[in-house]
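**Q** Input: one structure, supplied below.
The values are calculated or read from the model by the stated rules, or taken from the named source; none is laboratory data. Note that this is a predicted model, so its numbers are computed, not measured. Cβ: placed from backbone, ideal geometry, glycine included. Neighbour counts: every protein chain shown.
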């Protein structure tokens, strides 16, 4: 087994009386596509926010290559190599697509404001290099030719891609995607799924994924955790999760397991009767 | 007739009527008539009233505006005329009732000035066109007629033949441009930009000498406000921190210059240039001291804190406590100007040069900052602070840097301002200064240097030249801001984002194949 890149240990996040994340333990191995699923309000995004430094968990530890990162400010977390996208797209809407990616490159550049004013040689070199890199990334996420559009004027699907492009510009080791296929049609979803797989295979990035589309999750995940009411109720690969009665119950309510069995049988008999 | 058309027209007319009444209550109509009179070449002695015909012209212009505004774009010509008629009549009736009341006041000899400072019997008589009660009837005719005329004008100007004609002009212009571009030799295309710069530079060098001292004073003021505008633009529009006490940094620069380069109260006489540099440093220091505690705030809270900061600085300068040190409410006089090559360099013309140089330097620095890693980080912070941080931008440093650099520009402008006026006092650094600069940004155009220059001209240059509207400056300001918010929310000259992808593509095209493709676009 490969190294663990992110280790979530007994993490709790409490808002007033509500325990949004309750004693969650997750180990994410390197170069895995790791999905976190669960019904609405299960605490998935809260867990993401804890990992990326938006929230400070009340209890527990989050380790990145064995070093604790909980409580660090978000820009340090980004600099370490964890970048993310958002459930509701959050681009810099009044800047162009290229500029969005250039801002993503920010933590890896060094030039100061003084360099910018006097145009030192290192500044010019870095600037032209970063423009080239930004255009390369733009091409990589499939936005070639859209670079000078304002982010807010891009179509929805491209905005999602641009957000991933901005996250990639950080040169992340771990990419956290929050519902990357929300609001997409079947074709776009298939494309996005393929793209996420490519990210892992070509760039060797570990991906943590929140997703509601079970087809996507079951198709590409190496491992899946299920959250419900802030607690982890199951972990395993796709087949194990599908068979887990607690997961079915979380999604369909008490008695759901029996219900789903019933429907499965009905469907099978329906299919058989049609085949004959 | 359409009931909806009728009521909306009445509503519009009612609004315009009320506006007219308010304009009369503050005596604006007499000022406007005076201005018109001057524009048309008939001078009016200060304090005297203009001739009746100019009042008529003003009222007709107002009526035209009502008619233009009341006739809506989508309606047919007949309905437009109907709308204008109704609106004009409503204005006339509203103003007419007011006229009768006014006439009653002057016939009974009531002292209007006791209640309304601006309104005198003479100006009321002028507004009634020197005809007393008959004036309201005249108004009725004027407003209705002019309103109809305005509608006719709109119908004509927006009619098909007219728009066809205008379109024709624009195509001819475009053809002409394309043709001239085709026949201009390549060297002009390549070096034309530098030629233009040279031309501007030469005119900047020679023009101030040809203009009088007063014009140079106005030009210098505009230049200083451009520097201030650029400084505030960095803080408010690039990095998104709403700052209302910008005058405090201006005061830092001005008072550093005053205390270090005037005979009283300390007599240090350090010289202009060192004092200017120290002024800039003091402004930056103030920005750090203000910035460190308020970094976590944003929006309204930040605005209130900075507003307070600006006022605290002004009141400190004015206070008895510091009178020995800062000269108190009387300010500091006899601030010395710079000497260059042994020559005193301190007439308004000389200062125009100094200000122009620093203005160009400020624009240069601003442009370079905007298109750099630092500038992009600021813009990201303004757009979405939390996401910018998660993308790896250090928010605190970034905001503080913007505050310091913006303050440095203010300190620079303050130092030059104090030395040029040879005086500075607490009244130079009122809240109104901060508001002026902010208005320049809003009117001119956010993040756009031409916009800031245009805004500085409109808001600082024009009022200086048009001294008559001095009393109405705030009114015009407010009206202009509301108008801008409605019709041009992005400012007179909105900024555009750079086309990085296209530029890079062009650059590569120009570099790789030397034979083909380079010159074409």
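Residues are listed down the side, and each one gets a yes or a no for (1) assigned by TED's automatic domain parsing to the domain that holds residue B:37; (2) touching a residue at least 24 places away in the same chain (Cβ under 8 Å); (3) under 25 Å from residue B:217 (Cβ atoms); (4) in contact with a strand residue (DSSP E or B) (Cβ under 7 Å, 6 or more places away or on another chain):
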residue: B:461; (1), (2), (3), (4): no, yes, yes, no
residue: B:465; (1), (2), (3), (4): no, yes, yes, no
residue: B:472; (1), (2), (3), (4): no, yes, yes, no
residue: B:476; (1), (2), (3), (4): no, no, yes, no
residue: B:482; (1), (2), (3), (4): no, no, no, no
residue: B:486; (1), (2), (3), (4): no, no, no, no
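**Q** Is it the case that residue A:67 is more than 14 Å from every other protein chain (Cβ to nearest Cβ), within 22 Å of residue B:394 (Cβ to Cβ) and surrounded by fewer than 21 Cβ atoms within 10 Å (Cβ to Cβ)?
**A** So residue A:67 passes the test.
**Q** Which one of the conditions (1) more than 20 Å from residue B:370 (Cβ to Cβ); (2) within 9 Å of another protein chain (Cβ to nearest Cβ) does residue A:176 fail to meet, given that it meets all the rest?
**A** Residue A:176 satisfies every listed condition except (2).
**Q** Another question about this same structure. In segment A:84-103, how many residues are in a loop (DSSP other than H, G, I, E, B) and facing chain B (nearest Cβ under 7 Å)?
**A** Of the residues in that region, 5 qualify.
**Q** If you don't mind, there's one more thing I want to ask. In segment A:184-238, what residues are at positive phi and touching a strand residue (DSSP E or B) at 6+ places or on another chain (Cβ under 6 Å)?
**A** Passing the criteria: only A:230.
**Q** Report yes if residue B:157 is touching a helix residue (DSSP H, G or I) at 6+ places or on another chain (Cβ under 9 Å), in the same structural domain as residue B:22 (by TED's automatic domain parsing) and modelled with pLDDT of 80 or more, otherwise no.
**A** The answer is yes for residue B:157.
**Q** Look through segment A:242-251, keep the residues that are touching a strand residue (DSSP E or B) at 6+ places or on another chain (Cβ under 6 Å) and free of Cβ contacts under 8 Å to residues at least 60 places away in the same chain, and return whichever of them is surrounded by the fewest Cβ atoms within 10 Å (Cβ to Cβ).
**A** Per the stated criteria, the residue is A:246.
**Q** Within segment B:437-457, which residues are within 8 Å of the chain's Cα centre (by Cα) and at pLDDT below 85?
**A** Matches in segment B:437-457: none.
**Q** Given the structure, is residue B:89 surrounded by 18 or more Cβ atoms within 10 Å (Cβ to Cβ), part of a helix (DSSP H, G or I) and in the same structural domain as residue B:133 (by TED's automatic domain parsing)?
**A** It is true that residue B:89 is surrounded by 18 or more Cβ atoms within 10 Å (Cβ to Cβ), part of a helix (DSSP H, G or I) and in the same structural domain as residue B:133 (by TED's automatic domain parsing).
**Q** Looking at residue B:364, is it surrounded by fewer than 21 Cβ atoms within 10 Å (Cβ to Cβ), touching a strand residue (DSSP E or B) at 6+ places or on another chain (Cβ under 8 Å) and free of Cβ contacts under 8 Å to residues at least 40 places away in the same chain?
**A** no
**Q** Right, here's the next one. If I filter segment B:112-126 for residues that are over 23 Å from residue B:34 (Cα atoms) and either out of contact with any strand residue (DSSP E or B) (no Cβ under 7 Å at 6 or more places or on another chain) or surrounded by fewer than 22 Cβ atoms within 10 Å (Cβ to Cβ) (or both), do I get at least one hit?
**A** Scanning segment B:112-126 turns up at least one residue that is over 23 Å from residue B:34 (Cα atoms) and either out of contact with any strand residue (DSSP E or B) (no Cβ under 7 Å at 6 or more places or on another chain) or surrounded by fewer than 22 Cβ atoms within 10 Å (Cβ to Cβ) (or both).
**Q** Only one residue in B:24, B:30, B:60, B:44 is outside any helix (DSSP H, G or I) and either outside the structural domain of residue B:89 (by TED's automatic domain parsing) or touching a helix residue (DSSP H, G or I) at 6+ places or on another chain (Cβ under 7 Å) (or both). Which one?
**A** Sole residue among the options that is outside any helix (DSSP H, G or I) and either outside the structural domain of residue B:89 (by TED's automatic domain parsing) or touching a helix residue (DSSP H, G or I) at 6+ places or on another chain (Cβ under 7 Å) (or both): B:44.
**Q** Same structure again: When you look at residue A:35, is it within 14 Å of chain B (Cβ to nearest Cβ), crowded, with 23+ Cβ neighbours inside 10 Å and either part of a strand (DSSP E or B) or modelled with pLDDT of 95 or more (or both), yes or no?
**A** For residue A:35, the condition - within 14 Å of chain B (Cβ to nearest Cβ), crowded, with 23+ Cβ neighbours inside 10 Å and either part of a strand (DSSP E or B) or modelled with pLDDT of 95 or more (or both) - is not met.
**Q** Now for a separate question. So, of the residues in segment A:136-155 that are more than 18 Å from residue B:503 (Cβ to Cβ) and crowded, with 17+ Cβ neighbours inside 10 Å, which turns out to be nearest to the other protein chains (Cβ to nearest Cβ)?
**A** Ranking the candidates gives A:151 first.
**Q** All but one of (1) within 10 Å of chain B (Cβ to nearest Cβ); (2) surrounded by fewer than 21 Cβ atoms within 10 Å (Cβ to Cβ) hold for residue A:74; which doesn't?
**A** Of (1) within 10 Å of chain B (Cβ to nearest Cβ); (2) surrounded by fewer than 21 Cβ atoms within 10 Å (Cβ to Cβ), only one is false for residue A:74: (2).
**Q** Any idea how many residues of segment A:44-65 are more than 14 Å from the chain's Cα centre (by Cα), assigned to a loop (DSSP other than H, G, I, E, B) and touching a residue at least 60 places away in the same chain (Cβ under 8 Å)?
**A** 1
**Q** Among what's in segment A:104-115 and is in a helix (DSSP H, G or I) and either modelled with pLDDT of 95 or more or farther than 24 Å from residue A:162 by Cβ (or both), pick the residue that is nearest to the other protein chains (Cβ to nearest Cβ).
**A** In this case the residue turns out to be A:113.
**Q** May I pose another question? Step by step: first the residues of segment A:116-135, then only those that are at the interface with chain B (Cβ under 8 Å from one of its Cβ atoms) and free of Cβ contacts under 8 Å to residues at least 12 places away in the same chain, then the one that is nearest to residue B:373 (Cα to Cα). Which residue is that?
**A** Among those residues, the one meeting the criterion is A:116.
**Q** Would a scan of segment B:337-344 turn up a residue that is in contact (Cβ under 8 Å) with a residue 40 or more places away in the chain and farther than 20 Å from residue B:222 by Cα?
**A** yes
For (1) outside any loop (DSSP other than H, G, I, E, B); (2) surrounded by 24 or more Cβ atoms within 10 Å (Cβ to Cβ); (3) in contact with a strand residue (DSSP E or B) (Cβ under 8 Å, 6 or more places away or on another chain); (4) not assigned by TED's automatic domain parsing to the domain that holds residue B:428, each residue gets a yes or a no:
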position	(1), (2), (3), (4)
B:188	yes, no, no, yes
B:197	yes, no, no, yes
B:202	yes, no, no, yes
B:216	yes, no, no, no
B:219	yes, no, no, no
B:241	no, yes, no, no
B:296	no, no, no, no
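Residues checked against (1) out of contact with any helix residue (DSSP H, G or I) (no Cβ under 9 Å at 6 or more places or on another chain); (2) free of Cβ contacts under 8 Å to residues at least 60 places away in the same chain:
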| residue | (1), (2) |
| --- | --- |
| A:196 | no, no |
| A:219 | no, yes |
| A:224 | no, no |
| A:232 | yes, no |
| A:240 | yes, yes |
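**Q** Which one of the conditions (1) out of contact with any strand residue (DSSP E or B) (no Cβ under 6 Å at 6 or more places or on another chain); (2) not in a helix (DSSP H, G or I) does residue A:176 fail to meet, given that it meets all the rest?
**A** The number of the failed condition is (1).
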